[in-house]
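A short worksheet on the structure shown next.
The values are calculated or read from the model by the stated rules, or taken from the named source; none is laboratory data. A quick note: this is a predicted structure, and the numbers were derived from the prediction, not measured. FYI the Cβ positions are ideal-geometry reconstructions off the backbone, even for glycines, and counts take in every protein chain you see. These area figures cover heavy atoms from the full protein model, side chains too; ligands, DNA and RNA do not enter into them. Shrake-Rupley method; radii C 1.70, N 1.55, O 1.52, S 1.80 Å.
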Amino acid sequence: MSLACGSAHADRRVALIIGNSAYKSAPKLGNPVNDATLVGGMFKKAGFDSVDVRLDLSASEMRRMLREFAGRSRDAEMAVIYYAGHGIELDGNNYLIPTDATLETDGDVLDETIPVERALFAVEPAKQLRLIILDACRDNPFAKTMKRTLASRAIGRGLAKVEPTSPNTMIAFAAKAGSTASDGDARNSPFAAALVEHLPKPGLDLRKAFGFVRDDVLKATGYKQEPYVYGSLGGDDVPLVVKQTPAGPQANPQEAIRRDYELALQLATRDGWEAFLAQYPDGFYANLAKGQLNKIGAEETRASAEQKAKAAEQEKARLIAERAQKAEQEKAAAAAKAAEEARIAAEKKKEIEQAKAEAAERERKAAEAAAAKALAEKQAAEKAKAELAAKQAAERAEQAAKPAADRQLPEVEQKVAALSPGPTSPLSAADLTKSVQSELRRVGCLTSAAEGEWTSAAQRSLTLFNKYAGTQFDVKLASVDALDAVKAKPGRVCPLVCNFGFKADGDQCVKITCRAGYRVGDDNECEKIQEKKPVATREDSRKRDADRKATEAAPSKPEASGQIFCNSAGCRPVQKGCRLVSGATPGRYNAAIGSGNYEVCN
């Protein structure tokens, strides 16, 4: 009561309290819900204008609460977020874990958790103080079972160090960066108990308050856990509760007790009188309160006895009715038995049909696998046939180019020459580079057009191929081994990455369409359109970087027609907008391959 009276001032203060204990894929935590309830009560007693306490939130619920809290922070002088539960640090970034997270792999962290940056964004509109308290440094069970998609990816103990970029912003950790916090053996953790003890002291600067919290936690944990605060404030004291100066002479203490007694008398409940006695255990008014409590106890005893007598009468009437309806009960029991037998028969039939459907599905998958294998063998045979035809065409061209003197050789020497295989003309550096780039585009690792130069974009595409195909080719130059390895892949190798506003549908990116009143949000999901908010400059820069990276990483759509063009330099897919035509090759290709197929473009 004294805190509520002492903190009445014009500045608006808002707080969001979140406690996650009941995790679906991890053991239940005992203290976060208790800590969140305790800290929420502390903020309410401190006179905050808005205190929202939320327990056991899923990922979508946490996003919605942070979005709504950002709206309340816009007209507030002080905005505070307290989170108790599991947290995780991945590659130097901190994330809060909702109760529905599974985190089977390290990649799931980006999809199933809430980054601490999201909480910083929610408190950023506050004018005087932005405070985030993270009691999330516990030993994380997800990190022990999580599969790593990249061996070099770092997943640390506790949370990573955070340096806020906005002024007048503080982030308090239950334990310093890289270490874990203890839940303790009591109902509340040592960190939460120390917060409630020191933060609401009127006129106490937050920096000193957190210093006292640090001292208490160190003593309570045997100097194993040290809370830590990041960020900075200005030179003026910033208390959570403003200390009020008495305006007139102090009131009589008995007068305050009398007012509290009259308030409890108006409530006339057991909880009210017990709260009064906890505050004032002795004295005249305490004796009166005990008498009122005894009166309530007698009334409760009378009501309980009356309820038991009424229940006995109802039980007596029920037994009489049951004896009168025994025949109907037997009939109903027979009907229930028949219905149960019918249900069991239906369940057995369902299991049989399900087994048949599963067998048919297995046969379908086996047939599809066989068809895919046959198609791959057919494509390999066609490719070998095309390479043989190209080789024979090159040999015919070489024979046609020989001088007339060579054609006068004895018949025996000509036969020996015909039996010897002609040398295969190697690819030029430009043709080899262009062939490797074309194949990288086919498997989805290159987004730019195929050129005769080995650019930085081509090097990045070969790096992606090495990553997802498990190869180790030198990315600084195009090689024949790399060309053969990429050609051996029948389909896409690099994953499909879509730009913001699009989602993957098979091998294509399709635009996300939201219904009326909704738009695509920051997490690339449809969300309700809110009133316009001022957006920080660093968010614009971050979004542009994300769009650029997504554009560079997005594989190009398949452009080839499925036809293969071969000449003396080798074979490659027919370019977009081109086709193969049978007959004599026009122009400068006559001397190279003579008659056969040639490529016609535009």
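On full extension of the chain, what length is gained from residue 271 through residue 335, given 0.36 nm per residue of separation minus the C-alpha to C-alpha distance?
Using 0.36 nm per residue and subtracting the Cα-Cα distance, I get 18.0 nm.
Whole number please: convex hull volume per residue, Cα atoms of the stretch 426-495, in Å³.
Considering the Cα atoms of the stretch 426-495, their hull volume per residue is 71 Å³.
Hey, which lysines would be in cross-link range of residue 326, C-alpha to C-alpha under 18 Å, not counting anything within fewer than 8 residues on its own chain?
316, 337
Taking the Cα atoms of the stretch 77-170, report the difference between the largest and smallest coordinate on each principal axis, in whole Å and largest first.
43, 25, 21
Assuming a ≥ b ≥ c are the square roots of the Cα gyration tensor eigenvalues, decide whether the stretch 83-230 counts as rounded (a/c under 1.5), prolate (otherwise, with a/b larger than b/c) or oblate. Write down the numbers at each step before the final one.
Numbers: a/c = 2.18, a/b = 1.42, b/c = 1.54.
It comes out oblate by the Cα gyration axes.
Check which residues have an amide H placed less than 5 Å from residue 94's amide H, if you skip close sequence neighbours.
116
Tell me, how many Å apart are the Cα centres for the stretch 158-197 and for the stretch 85-103?
Comparing the Cα centres of the stretch 158-197 and the stretch 85-103, I get a distance of 15 Å.
Give the aspartates and glutamates whose C-alpha is closer than 20 Å to that of residue 176, dropping any in the same chain fewer than 8 places away, or say none.
In chain and number order, the partners are 35, 89, 91, 117, 135, 139, 163, 215, 216, 226.
Any lysines with Cα under 19 Å of the residue 356 Cα? List them, leaving off those in the same chain fewer than 8 positions away.
Within the straight-line limit of under 19 Å, residue 356 reaches these lysines: 348, 365.
Based on the alpha carbon coordinates of the stretch 248-334, what radius of gyration and maximum Cα-Cα distance (Dmax) apply, in Å?
Rg and Dmax of the stretch 248-334, Cα atoms, are 24.6, 83 Å.
Name the residues whose placed amide hydrogens come within less than 5 Å of the amide hydrogen of residue 518, ignoring near sequence neighbours (fewer than 5 apart) on the same chain.
Under 5 Å from the amide H of residue 518 lie the amide H atoms of 529, each far enough along the sequence or on another chain.
Cross-link list 350/511; 219/290; 144/503; 489/576; 161/243: which exceed 29 angstrom alpha carbon to alpha carbon?
350/511; 219/290; 144/503; 161/243
Give me the percent of the accessible area of the stretch 26-92 that comes from carbon and sulfur atoms, probe 1.4 Å, all protein chains in place. Intermediate values should be presented prior to the final figure.
Details: 1070 of 2320 Å².
Looking at the stretch 26-92 in its full context, I get 46 percent from C and S.
DSSP loop trypsin sites (Lys or Arg not before Pro) in the stretch 453-485 with at most 14 other Cβ atoms within 10 Å of their Cβ, which ones?
Loop-located and lightly packed - 476.
In nm, to one decimal, how far is the modelled label at residue 324 from the one at residue 472, with both set 7 Å along Cα→Cβ?
9.0 nm
Which far-off residues, 5 or more places away or on another chain, put their amide H under 5 Å from the one on residue 238, with H placed in the peptide plane?
Counting only residues 5 or more places away or on other chains, the set is 206, 207.
HN-Hα J couplings of the stretch 66-75 from phi, Karplus 6.51/-1.76/1.60, θ = phi - 60°, integer Hz, Gly and Pro as x?
Taking θ as phi minus 60°, the curve returns 5, 5, 5, 5, 4, x, 6, 6, 5, 10 Hz for the stretch 66-75.
What FRET efficiency would be calculated for the residue pair residue 236, residue 500, taking the C-beta separation as r and a Förster radius of 56 Å, to the nearest 0.05? Display every interim value, and only then the final one.
Working: r = 42 Å, r/R0 = 0.75.
Efficiency for this residue pair is about 0.85.
On full extension of the chain, what length is gained from residue 362 through residue 549, given 0.36 nm per residue of separation minus the C-alpha to C-alpha distance?
Length gained between residue 362 and residue 549: 63.3 nm.
For the stretch 274-282, what does the Karplus curve 6.51 cos²θ - 1.76 cosθ + 1.60, with θ = phi - 60°, yield as ³J(HN,Hα) per residue in whole Hz, taken in order and with x for Gly and Pro?
5, 5, 5, 5, 5, 7, 10, x, 10
Tell me, in nm to one decimal, what length is gained between residue 380 and residue 226 on full extension, where the rule is 0.36 nm per residue of separation less the Cα-Cα distance?
Values: separation 154, 0.36 × 154 = 55.44 nm, distance 6.49 nm.
Contour length minus Cα-Cα distance gives 48.9 nm.
Whenever you get a sec, compute what percent of the accessible area on the stretch 106-205 sits on carbon and sulfur atoms (1.4 Å probe).
51 percent
Can you work out ³J(HN,Hα) from phi for every residue in the stretch 84-90, in order, using Karplus 6.51 cos²θ - 1.76 cosθ + 1.60 and θ = phi - 60°, giving whole Hz and x for Gly and Pro?
So the J values, rounded to whole Hz, are 10, x, 8, x, 9, 10, 10.
What span do the alpha-carbon atoms of the stretch 165-244 cover on each of the three principal axes, reported in whole Å from largest to smallest?
Largest first, the stretch 165-244 extends 36, 32, 17 Å along its Cα principal axes.
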